[in-house]
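Since the structure comes first, as structure tokens, the remarks are kept for the end.
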């Protein structure tokens, strides 16, 4: 513990220094008033992240062991950097969205946190340094990051106000458990769920995209609502499970669960594939000129992207290829993901209509649910349904 406490002190010094260096750089490229506000929000958030680590240092041990490890390990180090990135994102709250290239900073920082979230467990497993502390920090930073990025997206006008309820969901859940424990009511353990992790991963990826300065609010609202519905229902189901209102061993619960599973993974995805392919066809036919669409060329020009004509042609190819792959169920989740981009280009240039709006909603649903039966090739499933590095010993 003494070695670990010294390492925590070095961590606090290093991350605190990083925040101040970032602050002094911001003062040089942004308005001083907003840079000062950034420091006033980022620093307390970082202190909170470090306090969580300090409070749970004794949990820096492998599952099933009692000995506290003297080092954080590579996985936890990446998680700790994730806390630093989340703290820096918090600094942008309650200030105007920066202009120019600075506008991309909140997105880049939160994307770094997302990438770290994907890789930290992998590093911990392959180095045989998976600990209770890592699990604790992962959950704490998940909730904190979701709250901060939801608040920032609402503040920037990218998402409606009610999306804050989703950002607060984990804390409301914990508050409810605390209240039950205080009243002497039992709280049961949650059964494991692969889909819970998949939904959470896509939700975090979506929140990164919401902070893109080029993301239209209408697009973010449609996609955000589609993500929010299953996430909210998942929280509601988990609440009924931990409070005993639902018994996972009950025959009726199992029948309903089986019906929902068949509906969402067997019967619904083929229909969604047909709908999305139809939307793609309608968007392509609505283009006055496909090679390239002039409106898309102008859009890319306005964003200052290089080779706008070539990029517009590539976007059309991705639109058509994605529609075919989704229809065939070949790399369906991946195709649905990249279809989001041409769907967004169409929404920005032609405005919101049934084709791009419904296409976006069905693309998000296919990302979450998969393409179901009659799918020819689904290589991306192994990365979504299985933790990278699982079963590997360092």
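Assorted remarks:
- Of 38, 51, all but one fail to be out of contact with any strand residue (DSSP E or B) (no Cβ under 6 Å at 6 or more places or on another chain) and surrounded by fewer than 17 Cβ atoms within 10 Å (Cβ to Cβ); the exception is 51.
- Within the set 157, 134, the sole residue that is touching a residue at least 24 places away in the same chain (Cβ under 8 Å) and either part of a helix (DSSP H, G or I) or touching a strand residue (DSSP E or B) at 6+ places or on another chain (Cβ under 7 Å) (or both) turns out to be 134.
- Scanning the range 263-283 for residues that are closer than 13 Å to residue 322 by Cα and out of contact with any helix residue (DSSP H, G or I) (no Cβ under 6 Å at 6 or more places or on another chain) returns 274, 278, 281.
- Being over 22 Å from the mean Cα position of the chain (by Cα), modelled with pLDDT under 95 and either exposed (fewer than 13 other Cβ atoms within 10 Å of the Cβ) or not assigned by TED's automatic domain parsing to the domain that holds residue 131 (or both) is a property that holds for residue 63.
- The helices (runs of 4 or more DSSP H) falling completely within the range 195-289 that include 1 or more residues that are crowded, with 17+ Cβ neighbours inside 10 Å and in contact (Cβ under 8 Å) with a residue 24 or more places away in the chain map to 217-242, 268-286.
- Residues of the range 275-305 classified as more than 30 Å from the chain's Cα centre (by Cα) and over 15 Å from residue 344 (Cα atoms), total: 7
- The requirement of being assigned to a helix (DSSP H, G or I), surrounded by 12 or more Cβ atoms within 10 Å (Cβ to Cβ) and at negative phi is fulfilled somewhere in the range 90-99, by at least one residue.
- Some residue of the range 162-172 being assigned to a loop (DSSP other than H, G, I, E, B) and either touching a strand residue (DSSP E or B) at 6+ places or on another chain (Cβ under 8 Å) or surrounded by 17 or more Cβ atoms within 10 Å (Cβ to Cβ) (or both): no
The values are calculated or read from the model by the stated rules, or taken from the named source; none is laboratory data. Note that the structure is a prediction, hence the values are computed from the model and not measured. Don't worry about glycine lacking a Cβ; one is built from the backbone with ideal geometry, like all the others, and counts go over all protein chains shown.
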